[in-house]
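Since every read-out is calculated from the coordinates, none of them should be taken as a lab result. Bear in mind the structure is a predicted one, so any value in this text is a computation, not a measurement. Every residue, glycine among them, receives a Cβ derived from its backbone with ideal geometry; neighbour counts consider all protein chains shown.
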Amino acid sequence: MYRQVDDFLSEWAASAHGTIQVLKAVTDEKLEQSIVEDHSTLGWLGWHLVGAAGYFSYLAGLQVPMIRQEDSIPSTAAEIVAAYEKVANDVKEEAAKLSNEDLLEEVKGFNGPVKRGALLRVLIDHQTHHRGQMTVLLRQAGLPVPGVLGPTKEMQK
C-alpha cells in the first residue's frame, strides 16, 4: 500500500515505462497472437491495460478518461501504444494532485471499501501481471522481448 504519493508516482513512472516498451514491441501482424485459440491476444492484453488504468483510476477517484467496454480493440499496435501513453500520463497527472492523507482514504474497491493507496498498488500489480503475459506472447510470436525488469535473451547477443 502506498502511503506517500511520491512513492506511487515513482513506481508508476517505472511501471508505465516498462509497459510502453512491451507495447512498442508488438507489431500489427502479431496483435492476434495468443497462447491458445480463443484466449487473450497481444492486442486484447494491450487494450486491457489501457482500460484497466482508467478503471482503477475511476475507483481511486482520479479524473482519468476511460475506454468503454463496447470500444473495439484498435487495429494497429501504434493506436494501442498512443492510448496507453495518454492514460499513463493522465494517471500520473491526477495522482500528483493527491495528498499523502488521500492515500489513506477508503474508496470503492472490487470487494468493498479499500484504502486508495492499496488500490493504486493493485493497479501496478495488475499491470505487471498482464505485461508478463505479453512478454511470453512476444517470445511465442518471434518478436524481441524488451528487458523491462532485467536483461532478455535479445540483450545478451
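Which distance in Å, rounded to a whole number, links the C-alpha centroids of the range 81-143 and the range 2-30? Here the answer is 9 Å between Cα centres. Taking 20 Å as the straight-line reach from the Cα of K97, the lysines in range (excluding those fewer than 8 positions away in the same chain) are K86, K108, K115.
From its DSSP helices (H runs of at least four residues, each -39,500 (n - 2.57)), the chain gives a residue-normalised ellipticity at 222 nm of -18500 deg cm²/dmol. Give me the percent relative contact order of the range 83-133, please, defined on Cα pairs under 8 angstrom at least 6 residues apart. So the answer I get is 20 percent. For the chain, what class follows from the C-alpha gyration tensor (a ≥ b ≥ c being the square roots of its eigenvalues): rounded when a/c is under 1.5, otherwise prolate if a/b is larger than b/c, else oblate? Prolate shape, in that a/c is at least 1.5 and a/b is the bigger ratio. When we measure straight from the Cα of K24, which aspartates and glutamates land under 16 angstrom away, once same-chain ones fewer than 8 places off are left out? The qualifying aspartates and glutamates are E32, E79, E85, E154.
Each Cα pair under 8 Å and six or more residues apart adds its separation to the average, and for the chain the resulting relative contact order is 35 percent. Placing dummy labels 7 Å off each Cα toward the beta-carbon, the span from Q4 to K108 is 3.2 nm. Simple rule: put +1 on each Lys or Arg Cβ and -1 on each Asp or Glu Cβ in the chain, find the dipole, and look at V26, Y58, M155; the Cα lying farthest toward the positive end is M155. For the chain, a simple Cβ point-charge model (Lys and Arg +1, Asp and Glu -1, everything else neutral) yields a dipole of about 400 debye relative to the Cα centre.
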